[in-house]
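Notes follow the structure.
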Amino acid sequence: MDDPGDDTDDPFWKNYHSSMCSLPDRMNKPMVISVREIYSERQWAGHPMHMEAIPDVHDEVMAASPWGPGVNLRLMVARTEGQPFSDLDRLLLRLLQPHLQPLFRRTMRSVVFRWSPH
């Protein structure tokens with residue numbers, strides 16, 4: 001998704017900068033993190049991102065890696081029901097993380113891909 005900036009009524013982008021989604025942009029380092037590591041169940045239930053943009057998402061885990069200046073590669077997995085992601089789930093994603101960039105690069109060589117930062 002392209003970040004349209006602050007001039008939007010889209011609930012996702014309106015709440016992007018106050019949510020977990022923007023952490024890779026702010027931290028600029030590889031990370032694996034879940035909603036439940038940042039917010040309690042009650043906090044997440046009341047968070048504007050959850051209430052306005054992704055109300056069906058019960059928990060979400062994200063693996064992110066810097067991809068270039070101002071760009072981060074993210075793999076996000078959401079759960080709409082059931083148990084939150086476990087320590088084992090996050091560990092497995094951490095083990096997978098170093099392989100995501102090479103896999104993405106190989107995939108992109110065989111796919112026509114147009115990306116614009118704005």
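The values are calculated or read from the model by the stated rules, or taken from the named source; none is laboratory data. Computed from a predicted model, the values in this text were never measured in an experiment. Glycine gets a Cβ as well: all are built from the backbone with ideal geometry, and neighbour counts include every protein chain shown. Side chains included, ligands, DNA and RNA excluded: accessible areas come from the protein's heavy atoms. Shrake-Rupley method; radii C 1.70, N 1.55, O 1.52, S 1.80 Å.
The local environment of H47, defined by Cβ-Cβ distances under 13 Å, has a net charge of -1 under the rule Lys, Arg +1 and Asp, Glu -1.
A 1.4 Å probe over all protein chains sorts S110, S65 by accessible area into S110, S65, starting with the largest.
For the chain, what does the alpha-carbon gyration tensor say about shape, rounded, prolate or oblate, given a ≥ b ≥ c as the root eigenvalues, a/c under 1.5 as rounded, and a/b over b/c as prolate? Oblate shape, in that a/c is at least 1.5 and b/c is the bigger or equal ratio.
Converting phi to 3J(HN,Hα) with the Karplus coefficients 6.51, -1.76 and 1.60 and the offset θ = phi - 60°, region 9-14 yields 9, 5, x, 4, 6, 4 Hz in sequence order, with x at every glycine or proline.
What full-extension length gain, to one decimal in nm, is calculated for D9 and E81 as 0.36 nm per residue of separation minus the Cα-Cα distance? Don't skip to the answer; put the middle values down first.
Numbers: separation 72, 0.36 × 72 = 25.92 nm, distance 2.75 nm.
Contour length minus the Cα-Cα distance gives 23.2 nm.
Calculated accessible area for the chain comes out at 66 Å² per residue, all protein chains present (probe 1.4 Å; ligands, DNA, RNA ignored). Each label point was placed 7 Å from the Cα along the Cα-to-Cβ direction; for R109 and L96 their separation is 2.3 nm.
Find how much the distance from R42 to D25 grows on full extension, using 0.36 nm per residue of separation minus their present alpha carbon separation; answer in nm with one decimal.
3.6 nm
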